[in-house]
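See structure below.
The values are calculated or read from the model by the stated rules, or taken from the named source; none is laboratory data. Only a predicted model underlies this, so the values are computations on that prediction, with no experimental measurement involved. Glycine also receives a Cβ, built like all others from the backbone with ideal geometry; neighbour counts cover every protein chain displayed. Heads up: the accessible areas ignore ligands, DNA and RNA and are worked out on the full protein's heavy atoms, side chains in. Shrake-Rupley method; radii C 1.70, N 1.55, O 1.52, S 1.80 Å.
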Amino acid sequence: MSVGDVNKAEKPVSTLWGCELNENNRTGKFKTDDSKHQHQLALRTMCLGESAKDEFNIVELMTGEDESKAFPMATLRASGMPTVNLSGVDLHPPITFHLKYGSGPVYICGEHVALEDDYLDEEMDEEEELAEEEEEDIEESPPKPLKKPAAKNGAGKRKKPEEADEEGTVSDGENPPKKATGRGRKPAAKKV
């Protein structure tokens, strides 16, 4: 590898991407003709513009070359839900956004990431090496010694039932101690 190749493969190239859908321009496309890189669109937000009417705006998404397979991506309304957070939605081109219903304007914002195939291979190799090192660390670590139970001192020691009776009641030796009745309990009245 030459010095120029090392610098190219350091980081993926990332740029902002966006489009506006409205009555006049109902379709927005994300596609590339670059075969050197692998492209990805990481969506961020979809929102209505300030001049949007209080109506439903439905944006549908079509992936691949077959535009007959479309599904709703977001339903926006100025008074209810003017913005949708789409973080975590990563798509590969070609992608078409279509304003199926409503007059917009709807703004779609995302991040266009271009990765070289060499960079992807290096990244996967590094991840595999890290996983192997972690497995070796787990196998080489010695087993931890077992903890011994703590010695019991008087504070945490349970008393035997006989000891509890001796402490709580007074006995004259011949008669067993009397059981206490429940609090607030009155003896039953005798019927005449």
Summing +1 for each Lys or Arg and -1 for each Asp or Glu, what net charge is found among the other residues whose Cβ lies under 12 Å from the Cβ of residue 84?
+2
Amide H neighbours of residue 91 under 5 Å, at least 5 residues apart or on other chains, H built in the peptide plane: list them.
41, 42, 43
Counting Lys and Arg as +1 and Asp and Glu as -1, what is the net charge of the other residues whose Cβ lies under 10 Å from the Cβ of residue 102?
+2
In region 26-87, what trypsin sites (Lys or Arg not before Pro) fall in a loop by DSSP, with at most 14 other Cβ atoms inside 10 Å?
31, 36, 53, 69
Taking every pair of Cα atoms in region 40-90, average 1/r, invert it to obtain the Kirkwood radius, and report Rg/Rh to two decimals.
1.02
For region 84-89, in order, what is each residue's ³J(HN,Hα) by Karplus, 6.51 cos²θ - 1.76 cosθ + 1.60 with θ = phi - 60°, in whole Hz (x at glycine and Pro)?
10, 8, 10, 4, x, 9
For the pair residue 103/residue 37, report the inter-label distance in nm, with labels modelled 7 Å from Cα in the Cβ direction.
3.8 nm
For 50, 60, what's the largest-to-smallest order of accessible area, 1.4 Å probe?
50, 60
By how many nm would the segment from residue 68 to residue 55 lengthen if fully extended, with 0.36 nm per residue of separation less the alpha-carbon distance?
2.1 nm
